[in-house]
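Notes for the one structure printed next.
The values are calculated or read from the model by the stated rules, or taken from the named source; none is laboratory data. Computed from a predicted model, the values in this text were never measured in an experiment. All Cβ positions, even for glycine, are placed from backbone atoms using ideal geometry, and neighbour counts span all protein chains on display. Surface accessibility is based on the protein's heavy atoms, side chains included, excluding ligands, DNA and RNA. Shrake-Rupley method; radii C 1.70, N 1.55, O 1.52, S 1.80 Å.
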Amino acid sequence: MLSMTATINGWHCSGFHCKQRARMPEISLTSRGFLKVGTLDSKTPTTAGLSSSALPYVGDGYASRNMNRGGIHVVSPDISSPSPGFAVEFLEAFDDEYDGVIIDPNKLPSSANAFASALRAALSKWKLKGRKGIWLKILSEQVDLVPIAIKEGFQYHHAEPGYVMLTYWIPDYPCMLPTSPSHQIGVGGFVINDKKEVLAVKEKCPCSCSNVWKMPTGYINKSEDIFCGAMREVKEETGVDTSFLKMVAFRHAHMVAFDKSDILFVCMLRPLSYEIAIDEKEIQAAMWMPLDEFVGQPFYEEDHMSRKVIDACVAAYEDRYSGFTAHELTSKLDGQSSLLYYDCSSG
């Protein structure tokens, strides 16, 4: 798919003590617009002489807190007293393991006014409870809520198809929430056959390496293993099936596409088929090229990083360099199986 550009040395186109807390008061509106305050286990709440204006008001509603429901309720000032048919909307949320809060994106209030009022009241509650980071995912069908959250102090974190993620940091010291993804992960597949011919491609791109014969490269997909991405890219660009042998090298560059960092993993692959069928949308041509001719291109004579990678690939092919092989292991940290790449030549 995407391949090398001159901006990154020709290797990848711009195109990884529990403390008991005091119980919070329960607050609700009385029929005369006053607040009724009492603890959750109190049998006889007292009436506080506070006007309902002490609560946030946005257009059509005041907010009240009801800790029994675990959310922030929005009530209409036109309702004289609660009744069985009384309609309320509130923020559904749950605590994370870092003293933060994750708001349920599927249960946000249906109106902008209700959302604004509930969000303000929720932030007040979470500040009192000593919460830290707040995560708010807003789905694309409720994108009109984004400006409201930004106005309340939320920051953009990242976006994916279907949603935007916002965050809010409560403590007065620097934010400790993880930043948005900072790296793009690319792969290259070095394929060499028993005749010492390299599977080489020329890509359709306006970059300085457009006329260079190179190994197939591209970006890995979401939840795709590195070596699987290399095999897929080779298949997509050339039609050649391969199997993974070892990881030879990786290159780390910064300020590449969209000012992100970029890591390119180079994998050595064994060919399982030899007939070439190029992807004409991306590839000008593909061929099995003699190794000496491949390495002898002026581009690799002039680009030291590219030449070093090719030298490492050749050394691995000739068993002069072991590289890193993939081993599936389970970590006790998360109980999941994943791949660890390491050199096991020494046993």
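Measuring only protein heavy atoms, the 1.4 Å probe finds residue 107 accessible over about 110 Å².
These residues, 265, 154, go from largest to smallest accessible area, 1.4 Å probe, as 265, 154.
In the frame of its principal axes, the range 107-164 has Cα extents of 34, 23, 20 Å, reported largest first. Computed as a quarter of the hull surface, the mean projected area of the alpha carbon convex hull for the range 270-328 stands at 6.3 nm².
In whole percent, and with a 1.4 Å probe on the protein chains, what portion of the accessible area of the range 217-298 is carbon and sulfur? Please list the in-between numbers first.
Working: 2300 of 4040 Å².
After summing per-atom areas, the C and S share lands at 57 percent.
If you roll a 1.4 Å probe over the heavy atoms of the protein chains, what accessible area per residue do you get for the range 162-250, in Å²? Don't jump to the answer; show the numbers that get you there.
Working: 3900 Å² over 89 residues.
With the other protein chains kept in place, the range 162-250 gives 44 Å² per residue.
Extension gain, residue 95-residue 304: 0.36 nm per intervening residue step, less the Cα-Cα distance, totals 70.1 nm. Given a 1.4 Å probe and the protein chains as shown, residue 255 ends up with an accessible area of around 130 Å².
The alpha carbon gyration tensor of the range 116-256 gives principal lengths a ≥ b ≥ c with a/c of 1.5 or higher and a/b greater than b/c, which makes the shape prolate. Residues of the range 222-252 falling in the label zone of residue 328, defined by backbone nitrogen less than 15 Å from a point 7 Å along Cα to beta-carbon, are 224-228, 244. Can you give me the C-alpha center-to-center distance between the range 85-162 and the range 309-332, rounded to a whole angstrom? With the range 85-162 and the range 309-332 each reduced to a Cα centre, they are spaced 47 Å. With protein chains left intact and a 1.4 Å probe, residues in the range 93-150 average 45 Å² of accessible area per residue. Going by accessible surface with a 1.4 Å probe and the largest first, 304, 254, 157, 183 read 304, 254, 183, 157. Heavy-atom accessible area, probed at 1.4 angstrom with all protein chains present, ranks 303, 319 as 319, 303, highest first.
Here the Karplus curve 6.51 cos²θ - 1.76 cosθ + 1.60, taken at θ = phi - 60°, turns the phi angles of the range 242-256 into couplings of 9, 10, 7, 9, 6, 8, 9, 7, 9, 10, 10, 10, 10, 6, 9 Hz, with x standing for Gly and Pro. When the surface is traced with a 1.4 Å probe over the full set of protein chains, residue 102 keeps roughly 60 Å² accessible.
Rolling a 1.4 angstrom probe over the range 89-154 with all protein chains present gives an accessible area of which 50% lies on carbon and sulfur atoms.
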